[in-house]
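Single-structure report; data block below.
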Amino acid sequence: MPEILVVPVAFNENVKLRSVIERFLKSSARGFADYLVVDDCSTDGTTEMIRSFADKGVATIRHARQRGVGAAIRTAIRYAIDKGYTIIVIMAGNDKDNPDEIPALLGPIRDEGYDFVQGSRYKGKVGIGGAMPFYRKVATRLHPLLMSFFTGHRVTDSTNGFRAFRLTVVKDPRINIDQPWLDAYELEPYLMFKALRLGYRFTEVFVTKIYPPKKLGYTKMKPLLGWWSILKPLFYLGFGLRR
């Protein structure tokens, strides 16, 4: 069995997720990684669409109720650990990430001994395509500045969910991914913050982020509640309010 599991997580992303799956099946990553889609209780036909790819080796887990992206990533992590994988790759279920860039994320882990590799659309150059909303341009520049400040490690992109890490990181007893406050967007910055603070070997690699046409929808993240959700771990952990 491959040591690597690639996981997109999705809620009601029928059209975009079909493209995500089809692009992965055509990518070089298909040859060395298994694939799991975590469906956060979709109601728009996404569930049935995912199952139509079962004969092509696409596994899926469906939540019985909508629990949030963090809970979906937690489900993927627990599945990966239970099945004996050693590396997990998380990517978007809304077709913003390029599966052909998965080897770039894995290279530092497999060849150089890194533990956590973050995809960055701002690493050396700007890798953004499509129409990125202005408020997100501002927020995705501000968040890494705060992450860098609180952790003491310079990062360029801390809100990009496209990343790979060794599962030994989340087995560390100092990291608790099962906390209820991590169910929404909090888990992703929480994991990066912890990896940096605890001294795991961390690096960033350049990746692209392509925003879909407006008619397909940019994101399900609400500007105020969603951005507080990704800022919250920085303040909670930075000031010692949570662990």
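Points to keep in mind about this one:
- Qualifying residue in region 97-108 (condition: closer than 28 Å to residue 175 by Cβ, part of a loop (DSSP other than H, G, I, E, B) and not basic (Lys, Arg)): yes
- Which listed residue, of 157, 115, is in contact (Cβ under 8 Å) with a residue 24 or more places away in the chain, closer than 15 Å to residue 206 by Cβ and among the acidic types (Asp, Glu): 157
- Total residues in region 123-178, condition among the small types (Gly, Ala, Ser) and either touching a Gly at 6+ places or on another chain (Cβ under 7 Å) or closer than 24 Å to residue 6 by Cβ (or both): 6
- Filtered by the rule that a residue be part of a helix (DSSP H, G or I) and modelled with pLDDT under 80, region 187-226 gives 214, 215, 216, 223, 224, 225, 226.
- Flag not set for residue 160, criterion: closer than 18 Å to residue 75 by Cβ and either at pLDDT 95 or above or among the hydroxyl-bearing types (Ser, Thr, Tyr) (or both).
- Among residues that are farther than 18 Å from residue 85 by Cα and at pLDDT 95 or above, residue 70 is included.
- Residues that are closer than 30 Å to residue 115 by Cα and either touching a residue at least 24 places away in the same chain (Cβ under 8 Å) or touching a Ser or Thr at 6+ places or on another chain (Cβ under 8 Å) (or both) within region 31-49 comprise 32, 33, 34, 35, 36, 37, 38, 39, 40, listed in sequence order.
The values are calculated or read from the model by the stated rules, or taken from the named source; none is laboratory data. A quick note: this is a predicted structure, and the numbers were derived from the prediction, not measured. So basically every Cβ, Gly included, is an ideal-geometry build from the backbone, and we count neighbours across all protein chains shown.
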